[in-house]
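Values quoted throughout were computed directly from the atomic coordinates according to the rules given, and no laboratory measurement underlies them. Remember, predicted model here, so these are calculated numbers, not experimental data. Cβ coordinates were reconstructed from backbone atoms using ideal geometry, including for glycine residues, and neighbour counts include every protein chain displayed.
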Amino acid sequence: MHNSARFITFILSLLISQLLSAESFDQNTTKASSLSLFDSPSYPATSTAKDYVNPNAPKKGKITLPGFGSFDTLNPYLLKGISPINTPGMGMYGFSEANEPLMAGTGDYLPSGDEAQTAYCLICDTIEYPNDLSWIRFSINHNAKFHDGTPITANDVENSIRLLRSSLAHPRYLDIYRNITSIKVLNSHSIQFNLEGPNRKSLMLRIGELPVMSKAHWTKHAFNDASTVAPLLSGPYRINKFQLGSHIEFTRVDDHWAKNHPLYQGQFNFNSVRIDFFKDRTVALEAFKAGNIDVFYEYISKDWATAYDFPARKSGQVITEEIKHKIPSGSQAFFLNQRRPLFKDIRVRKALSLLFDFEWTNKTIFAGAYKRSNTYYPNSPFEAAGVPEGPEREFLLAHQNALPDNIFSTAFKLDTTKGNGNIRAQLRQATALLKQAGWVLTNNQLIHSKTGDKFEFEFLVNQPSFTRVINPYIKNLSRVGISATVRVVDRGQYKVRLDEKDFDVITFVYPQTLSPNHEQRLYFHSSQVDISGSRNFAGISNPVIDMLIDNITSATDRTSLTAATKALDRALLWNFYTIPHWHLNYHRIAYWNQFARPVVQPQYNLGFTSWWIENKH
């Protein structure tokens, strides 16, 4: 009986094992520790450091970085509140995610500096998936642990995605993970995600980016009320101390579970990183000049041209550098909120575009530093240049009758001026378009001929320095009878009003990548128009735009992705949903002369996490 019982137990366990892994017996599977959307990974799986780091970089010293605005929560995944890692500028320094993900390279945590959409296992040991990409399994590294010494398990992974898909988290996560049909915890160190929909490999990468949070911690603490509770992390730094709205300090974890992991070689070389927050960039710059801040990433061209003539720079104690890169520039623009009836007419939107004199602005305010963005994808291969040809044209022909006139025959180009302030030609064109749209000039004020409404609106900004760009534009608008004003609010108010779409016109920057994908839905898809916290700021609700985005998210190779993105770019431009701004193809950075960095500069990020201290000054 004893032998029979053991035999029955063996058979039952075998059957259970087969049931749990039934999918892998139905078809061939791939087992790996890296994943790439289109290209082959550049590095042997988790066996070597990146080419753009110094694996022997010394780990020492303390640095202080500037943060802008304020913060009122340590939880970056909520709709309400502002976290320190989500404040402007943190992404450039590489401190824009605190929780380690399953895989690193494609998201905010250790983003790749030389590959597009390629991730390597970090918390996971291996991944496995079938040919039809209907599921993906993550095997969790048995050595992975949180800072309190507790192991990271599949239950932590499952709970992390459950929290992000719940009503407690920001709505964008629900959209990102919408095509996960179910999740199975196979054992304490193995978890499976079942998938549906197009481009499942992209979804696999998004799951790989999942920030893994401690289930025990978030069972003890309320996920949506964590403003004064430091989260339990697992990475090379722990939160040492903080004061809401003022500063936060990270210190090295000496017994970090993955300190010898190839992804960490030559990375995160400072023993302590403090971030001091400033509501005024001018004050922050003065703090840098005084030596209270170690590094300053400059966004304002006028300051770059005029504000760094101070003794420490002249003596070589401070270095200023322009570092070339191949990073796709963000889509920066004035976003016209079509939820307001004022901006629904394409003729109105085009007229407003004509009245923004970029050439004068660039010459007078920016010292000629910028290039105009005639695209939503500047400094990238996705710009819709010339007239549409080949696959791009085919994508557009499917919607020929619903697209603006001339899109197939004329290259899109924003109007240009001589930069001397004379915009008579643009005034004539804008006045004609506004008249066609029913706007009549009466006593120097545009009035709608049918409704009697005045043409007036407000620019909403949270950076006082940007008013120097807007005020000359307002003057041009007044010349055709448009009354515009500018309102400056603090970052907290700004975020709330953007979340609720309570604005007329804003300035914003959509980050773009080397492989556009799901984020285009968040920016431009009609499903995002009425969602609180969404990023469809222009209120675009256009079935053609939706279908062009679908072509991007279902692309199976880089050629089709490029053509599909160019088609979307062209359709967005010809609809004049925004007034595109400008871009650079280099970093502007100033730092005290105590840093060294690797010989190889990464093309697709600044690479600051691979710098180290040499105490030169």
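Remind me, relative contact order of segment 383-535 in percent, using alpha carbon pairs under 8 angstrom and six or more residues apart?
Result for segment 383-535 is 16 percent.
Quick one: putting +1 on the C-beta of Lys and Arg, -1 on the C-beta of Asp and Glu, what dipole do you get for segment 214-358 around its Cα centre, in Debye to the nearest 20?
For this selection, approximately 680 debye.
Quote the relative contact order of the chain in percent (integer), defining contacts as alpha-carbon pairs under 8 Å separated by 6+ residues.
20
List the aspartates and glutamates whose alpha-carbon lies under 16 Å from that of Lys324, not counting same-chain residues fewer than 8 positions away?
Within the straight-line cut-off, Lys324 pairs with Asp114, Glu298.
Which listed residue (Val253, Thr410, Ala367) has the Cα farthest towards the positive end of the charge dipole for the chain, taking +1 on Lys and Arg C-beta and -1 on Asp and Glu C-beta about the Cα centre?
Working it through, the farthest residue towards the positive pole turns out to be Ala367.
Which net charge results when you count Lys and Arg as +1 and Asp and Glu as -1 among the other residues whose beta-carbon is under 14 Å from that of Tyr586?
Summing Lys and Arg as +1 and Asp and Glu as -1 gives +1.
Using R₀ = 56 Å, calculate the FRET efficiency as 1/(1 + (r/R₀)^6) where r is the Cβ-Cβ separation of Thr29 and Asp280; round to 0.05.
Plugging the Cβ-Cβ distance into 1/(1 + (r/R0)^6) gives 0.50.
Charges at C-beta only: +1 for Lys and Arg, -1 for Asp and Glu. How large is the resulting dipole of the chain about its Cα centre, in Debye rounded to 20?
Here the size comes out at about 1360 debye.
Helix-only estimate, please: 222 nm mean residue ellipticity of the chain, summing -39500 (n - 2.57) across DSSP H runs of length 4 or more and dividing by its residues, to the nearest 500.
-8000 deg cm²/dmol
For Ala411 paired with Glu158, estimate the spin-label separation in nm (one decimal), with each label point 7 Å from Cα along the Cα-to-Cβ line.
5.7
Using +1 at the Cβ of each Lys and Arg and -1 at the Cβ of each Asp and Glu in the chain, identify which of Gly291, Ser112, Pro58 lies farthest towards the dipole's positive end.
Of the listed residues, the answer is Gly291.
Treating cross-link reach as a plain straight distance, find the lysines whose alpha-carbon is under 20 Å from the alpha-carbon of Lys184, omitting any fewer than eight places away in the same chain.
Lys31, Lys201, Lys215
Per Stokes-Einstein, at 4 °C and 1.567 mPa s, what whole-number D in µm² s⁻¹ belongs to segment 331-582, with the Kirkwood radius over Cα pairs as the hydrodynamic radius?
Using the Kirkwood radius from Cα pairs, D works out to 69 µm²/s.
Where in segment 161-247 are there trypsin sites (Lys or Arg not before Pro) that are in a DSSP coil and have at most 15 other Cβ atoms within 10 angstrom of their Cβ?
Here the sparse-neighbourhood loop sites are Arg178.
Quickly work out the Ala432-to-Lys302 label distance, labels modelled 7 Å from Cα along the C-beta direction, and quote it in nm with one decimal.
It is 3.5 nm.
Using the Cα centre as the reference, give the magnitude of the dipole from point charges on the C-beta atoms of segment 331-582 (Lys, Arg: +1; Asp, Glu: -1; all else neutral), rounded to the nearest 20 debye.
Using Cβ point charges on Lys, Arg, Asp and Glu, segment 331-582 gives about 900 debye.
Just subtract the alpha-carbon distance of Val229 and Leu133 from 0.36 nm times their residue separation and send over the number in nm, one decimal.
30.7 nm
So, by mean Cβ neighbours within 10 angstrom, what's the order for 316-325, 373-382, 256-265 with the highest one leading?
373-382, 256-265, 316-325
Pulled fully out, how much extra length does the chain show between Glu394 and Asn585, if you take 0.36 nm times their separation in residues and subtract their Cα-Cα distance?
65.7 nm
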